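Contents: one structure, followed by commentary.
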Amino acid sequence: GLGFNIVGGTDQQYIANDSSIYVSRIKKDGAAYLDGRLQEGDKILAINGKDLKDLRHKDAVELFRNAGCYVSLKIQRRLQTQNGPVGHQGDGESGGLPLAAILVPGLALAATAVWILLRYRQRM
């Protein structure tokens, strides 16, 4: 997997009146954790160029499961202001390409490591 969990969707809104997909948890030592750019609470706008707007939760999960080895995410960073409410930054354009530039090689490395581990275990 990509090393993180998601929440949200048209059928399981994480935030009232918002059917967007959000990162709920980053798994320790997973690809997203090792990359270090994705954060819990980030809104995921698109995966591999496919918009996540107005999807049911299970349909979004399927997109992530079938993303392949090279994954590009377009995110909207969730900001916490000091002594203020949590909000979102900008229109989501920032963060898409730089995240992909780091996440893709990290995912490829993680996939290779898992493949090597599985091959090694088969030989035992």
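The values are calculated or read from the model by the stated rules, or taken from the named source; none is laboratory data. From a predicted model like this one, the values you see are computed outputs, not experimental measurements. Using ideal geometry, Cβ is built from the backbone for each residue, glycine included, and neighbour counts are taken over all protein chains shown. Note: accessible area is taken over every heavy atom of the protein model, side chains too, but ligands, DNA and RNA are not part of it. Shrake-Rupley method; radii C 1.70, N 1.55, O 1.52, S 1.80 Å.
Here are some conditions: (1) open to solvent by less than 80 Å² (accessible area, probe 1.4 Å); (2) out of contact with any Leu (no Cβ under 6 Å at 6 or more places or on another chain); (3) at pLDDT 55 or above; (4) under 19 Å from residue 7 (Cβ atoms). Residue 73 meets all but one. Which one does it not meet?
Answer for residue 73: the failing condition is (2).
Since residue 82 meets every condition but one in (1) at pLDDT 60 or above; (2) more than 30 Å from residue 11 (Cα to Cα); (3) part of a loop (DSSP other than H, G, I, E, B), which condition does it not meet?
With respect to (1) at pLDDT 60 or above; (2) more than 30 Å from residue 11 (Cα to Cα); (3) part of a loop (DSSP other than H, G, I, E, B), residue 82 is out only on (1).
Every residue in the range 44-65 that is part of a loop (DSSP other than H, G, I, E, B) and within 19 Å of residue 77 (Cβ to Cβ), please.
52, 53
Restricting attention to the range 1-27, and to residues there that are part of a loop (DSSP other than H, G, I, E, B) and within 22 Å of residue 115 (Cα to Cα), which single residue is least open to solvent (accessible area, probe 1.4 Å)?
3
May I ask you to verify whether residue 58 is at pLDDT 95 or above, surrounded by 15 or more Cβ atoms within 10 Å (Cβ to Cβ) and of a type in the set (D, E, K, R)?
Spelling it out, it is not the case that residue 58 is at pLDDT 95 or above, surrounded by 15 or more Cβ atoms within 10 Å (Cβ to Cβ) and of a type in the set (D, E, K, R).
Go through the range 28-48 residue by residue and tally those that are within 11 Å of the chain's Cα centre (by Cα), at negative phi and surrounded by fewer than 19 Cβ atoms within 10 Å (Cβ to Cβ).
Here the count works out to 5.
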